[in-house]
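One structure is given below, encoded as structure tokens.
The values are calculated or read from the model by the stated rules, or taken from the named source; none is laboratory data. Keep in mind the model is a prediction, meaning the values are calculated, not measured. Heads up, the Cβs are rebuilt from the backbone with ideal geometry, glycines too, and the neighbour counts pull from every protein chain shown. With ligands, DNA and RNA removed, areas are computed over all heavy atoms of the protein, side chains included. Shrake-Rupley method; radii C 1.70, N 1.55, O 1.52, S 1.80 Å.
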Amino acid sequence: MSPVLSLEGLSVSFPTAGGRLRAVHDLSMAVEKGECVALVGESGSGKSTIARLITGLVAAESGAVLLEGQPLSRVPGWRKRIQLIFQDPFGSLNPAHTIHHHIARPLALHRSDISDIDAAVGALLTRTGLSPEYASRRPFELSGGQRQRVAIARALAPAPDVIIADEPTSMLDVSMRMDILRLLKALVEEQGAALVFITHDLAAARFLADRIFVLYAGQVMETSPADALVSDPLHPYTRLLIAAAPRAGETLDAPLPGTPGKPPVIDPPPGCPFAARCPSVTDRCARPVPLYHRNKRQVRCVLLEESS
Ligand SMILES: Nc1ncnc2c1ncn2[C@@H]1O[C@H](COP(=O)(O)OP(=O)(O)OP(=O)(O)O)[C@@H](O)[C@H]1O
Ligand SMILES: [Mg+2]
């Protein structure tokens, strides 16, 4: 079975006053139907840029995004098949329109198989845990959690193959984050879609995802089945992340302990971007470091070099 979503060597950088800022570098990833993959990393590690690359909001400098093995340019109607859920449910819903409008529009545009749009709006609201009566309300009449449920309903409306959720709960009260994540997981499984879940929160990633990709300075440092990554982290950066954020609900916004300095992203040198902060750094780290394969895991660290 070919993956529903494949990223092949995606890279993008942005011009800044100080030089080119490398946001995402040589990123490859394959996501199967029904699978949930989490992208975890500190602020600025490139997570949202990856979401924008996948959804065509940012053009890649090199590499490709494939849907069922085909480049997006050769997939008619791919936009409805890849849906994005944003962090801020206020910003993503138009205050001038009712909840009905937000969900009916993608149904009308993309679901010619549905004849009774009103009934389908009601059914989607019910599936996301909202009473169909909310259809006549406007976004400002809903709580943050309710708005995010509407955003999920809207993303599900075109029956997408892939849902990208960019920090979908980070603006919500801690008490409702788990409910929303459970809902997202259940609905994506029910629909047989693939989920790319972007988060600062390693505990949330472990809860939701089959596999976790750890990003640093736009590069994958480690990728692994979720449980193995948390119970046996192989990359020094992953180890620091786990030591810094051991409990559910904590985020990775705070600087890592004992590791000052920002990652080199402006005209970066060729070696490991984590070298300056790494407790295990050696001279070898100044040269490019590939991803080393270990069973179902990949680790970009020279510590793995000798044994590979
Ligand atoms: N259009 C742009 N122009 C210039 N720099 C950009 C642009 N978009 C993103 N960047 C930079 O690229 C890097 C990655 O940004 P991105 O938003 O992907 O990070 P992130 O991992 O989503 O962070 P956060 O956790 O804070 O949301 C950052 O240094 C950011 O400032
Ligand atoms: Mg982001």
Once phi is turned into ³J(HN,Hα) by the Karplus curve 6.51 cos²θ - 1.76 cosθ + 1.60 with θ = phi - 60°, what whole-Hz value does each residue of region 114-128 show in order, with x for glycine and proline? 9, 8, 9, 5, 4, 5, 5, 4, x, 5, 5, 4, 4, 5, 8
Label-to-label distance, nm, for residues given as K296 and H101 (7 Å Cα→Cβ offset): 4.6
How high is the relative contact order of region 35-156, given as a whole-number percent (alpha carbon pairs under 8 Å, six or more residues apart)? 24
Compute the accessible area per residue over the chain, keeping the other protein chains in place, probe 1.4 Å, unit Å². 45
Can you tell me how much longer the chain between Q191 and N94 gets when fully stretched, taken as 0.36 nm per residue apart minus their C-alpha distance, in nm with one decimal? 32.3 nm
At 7 Å along the Cα-to-beta-carbon direction for both A286 and L109, put a label point, then send me their distance in nm to one decimal. 5.2
Would you work out the charge dipole size for the chain about its Cα centre, treating the Cβ of every Lys and Arg as +1 and the Cβ of every Asp and Glu as -1, and quote it to the nearest 20 debye? 300
Summing +1 per Lys or Arg and -1 per Asp or Glu among the other residues with Cβ less than 12 Å from V4's Cβ gives -2
Selection from L125, V12, W78 lying farthest towards where the dipole of the chain points positive, charges on Cβ: V12
Helical mean residue ellipticity (222 nm; -39500 (n - 2.57) per DSSP H run of 4+; nearest 500) of the chain: -8500 deg cm²/dmol
Once amide hydrogens are built 1.01 Å from N within the peptide plane, the residues lying 5 or more places from I266 or on another chain with amide H under 5 Å from its amide H are R22
Interchain or long-range residues, amide H under 5 Å from I85's placed H: I164, A165, D166
For the chain, which whole-number percentage of the solvent-accessible area (1.4 Å probe, protein heavy atoms only) is attributable to carbon and sulfur atoms? 53
Relative contact order of the chain, defined on C-alpha pairs under 8 angstrom at six or more residues apart (%): 21
Measuring from its Cα centre, region 59-211 shows a charge dipole (+1 at each Lys and Arg Cβ, -1 at each Asp and Glu Cβ) which, in debye to the nearest 20, is 160
